[in-house]
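Structure record follows, encoded as structure tokens.
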Amino acid sequence: MTSAQTQQDRIPVGVDDGHYAIKVTRLVDNELVCTSIRSQAWQGRQTTTQFGLEETNSSEDVIYEVANDEYVTVNANSVLSKSMDTRSDDYPTSSLNRALVVHALCNAGLAGQQVGVVTGLPIDRFFNEGIPNNQLIEAKRQSLLRPIRRMGQDDVAIHIGEHKVLSEAVAAYFDAAYDHLGNVNQGFKEISDYDPVAVVDVGGKTTDIAVVKEGGKGLYAQYSDTAEIGALNLRDELNSMVRKRFNLENPVSETHIDRLIATGTYRLYGQAHDLSEEVSNQIDEFAERIGFEVNRLIGAAESMGSIIFVGGGAELLKTRTNIVFPKLPQSAITIHDNPAFANSRGMFKAALLVSRMAG
């Protein structure tokens, strides 16, 4: 098989390998399919026993051998599972990241397949004083190309034959610029060819604000930056609030925080407590912090053709855009369906275009 044939056989996949979740987008029967797993893993071996009655293995911890005698356990989303904090500078090139990405690809039904992957880095990591940080980009690219083995599952390896890295907010621009088959979005092109486009991407660890030049020809560096605030900061605040309210000794589990955000209710010893007002106040404060960063960089954005609001934080804050964008009319803000997957969709579209160029 020739190199060109090998590249054509690779399945293009977008992977937004964030600090809170790993989101995967691929094409199945000409439709985009988006899946995700929590970025929840432990350096080393860690297992829990199963009853043996589960219909799927979604409740199981999975161990990966990431190097000779070095292991990472990807945890099931369980209340008492231990996990590492992914908010470290070396996370993008770590064995923890590699295991999580491979597990997310397996979860997306790509076990045993040849894939071409596009992932991302925050703006301030992808660029160094306006120039691509090639050392980090290459280190991240090579990290996913290293071998990895799923313990007890020798025949389900993921074969990553190609790996490209984008700036994360720029990936969301790709999502707006192309449809799922790689065709140009003419309506968006009419806007973006003549005016800059701002992308506000609220992720787990960071918030990226990118202002893309007319025609997609780079970024306006003075209006683009990464703020060290994301949805995980909100979760930390909620954790502290609950611990203080009920005088808890230990941190509240991520599963309980999920339920608290979704329902406004916290259960302690089986008893439900309504904390919806406290949760709403914490989310308002989080929105104000994001709004400060938005105002700092783009203000009223009167020269922008479009302002796109993406990321898991956009899903959380979509009813609070008046706080996040205090100087903008609501009509100026675009929130696409499922904004948490905007980056992974854009990364998929980039991977699709790369595979076509290779062919």
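The values are calculated or read from the model by the stated rules, or taken from the named source; none is laboratory data. Note that the coordinates shown come from a computational prediction; the quantities given were computed from them, not determined experimentally. Positions of Cβ are generated from backbone atoms using ideal geometry, with glycine treated the same way; all protein chains shown enter the neighbour counts.
So if I check each of Lys205, Lys189, Lys213, which one is in contact with a Lys or Arg (Cβ under 6 Å, 6 or more places away or on another chain), within 19 Å of Val310 (Cβ to Cβ), touching a residue at least 12 places away in the same chain (Cβ under 8 Å) and of a type in the set (Lys, Arg)?
So the residue among Lys205, Lys189, Lys213 that is in contact with a Lys or Arg (Cβ under 6 Å, 6 or more places away or on another chain), within 19 Å of Val310 (Cβ to Cβ), touching a residue at least 12 places away in the same chain (Cβ under 8 Å) and of a type in the set (Lys, Arg) is Lys205.
Out of (1) touching a Gly at 6+ places or on another chain (Cβ under 9 Å); (2) surrounded by 15 or more Cβ atoms within 10 Å (Cβ to Cβ); (3) closer than 30 Å to Pro326 by Cβ, what's the single condition that is false for Tyr194?
(2)
What single numbered condition from (1) out of contact with any strand residue (DSSP E or B) (no Cβ under 7 Å at 6 or more places or on another chain); (2) more than 30 Å from Val211 (Cβ to Cβ); (3) of a type outside the set (Val, Ile, Thr) fails to hold for Leu260?
Against the list (1) out of contact with any strand residue (DSSP E or B) (no Cβ under 7 Å at 6 or more places or on another chain); (2) more than 30 Å from Val211 (Cβ to Cβ); (3) of a type outside the set (Val, Ile, Thr), Leu260 comes up short only on (1).
Let me confirm something: among Thr226, Thr255, which residue is among the polar types (S, T, N, Q) and either in contact with a helix residue (DSSP H, G or I) (Cβ under 7 Å, 6 or more places away or on another chain) or modelled with pLDDT of 95 or more (or both)?
From the options Thr226, Thr255, the qualifying one is Thr226.
Just the residues that are in contact (Cβ under 8 Å) with a residue 60 or more places away in the chain and under 19 Å from Ile11 (Cβ atoms), please, taken from segment 110-131.
Hits for segment 110-131 are Leu110, Gln113, Gln114, Val115, Gly116, Val117, Val118, Thr119, Gly120.
Only one of Lys327, Lys318 is touching a strand residue (DSSP E or B) at 6+ places or on another chain (Cβ under 8 Å) and basic (Lys, Arg); which?
Sole residue among the options that is touching a strand residue (DSSP E or B) at 6+ places or on another chain (Cβ under 8 Å) and basic (Lys, Arg): Lys318.
Would you confirm whether or not segment 322-336 contains a residue that is of a type outside the set (Val, Ile, Thr), under 17 Å from Ala169 (Cβ atoms) and under 19 Å from the mean Cα position of the chain (by Cα)?
Among the residues of segment 322-336, at least one is of a type outside the set (Val, Ile, Thr), under 17 Å from Ala169 (Cβ atoms) and under 19 Å from the mean Cα position of the chain (by Cα), which makes the answer yes.
Glu288: among the acidic types (Asp, Glu) and more than 22 Å from Ser224 (Cβ to Cβ), yes or no?
no
In segment 168-186, which residues are touching a residue at least 24 places away in the same chain (Cβ under 8 Å) and either under 18 Å from Met304 (Cβ atoms) or in contact with a helix residue (DSSP H, G or I) (Cβ under 7 Å, 6 or more places away or on another chain) (or both)?
Selection gives Glu168, Ala169, Val170, Ala171, Ala172, Tyr173, Phe174, Asp175, Ala176, Ala177, Tyr178, Gly182.
Given the criteria in contact with a Ser or Thr (Cβ under 6 Å, 6 or more places away or on another chain) and either hydrophobic (A, V, I, L, M, F, W, C) or within 18 Å of Ala21 (Cβ to Cβ) (or both), does Val294 qualify?
Here the answer is no, as Val294 does not meet what is asked.
Just checking, does segment 119-130 include any residue being over 25 Å from Gly204 (Cα atoms), at pLDDT below 95, exposed (fewer than 15 other Cβ atoms within 10 Å of the Cβ) and not basic (Lys, Arg)?
The answer is no; no qualifying residue exists.
Find all pairs meeting these conditions: Cβ atoms under 8 angstrom apart; at least six residues apart or on different chains; first residue within segment 19-32 and over 22 Å from Gly312 (Cβ atoms); second residue part of a strand (DSSP E or B) and not hydrophobic (A, V, I, L, M, F, W, C).
Close Cβ pairs satisfying both conditions: Leu27/Pro12.
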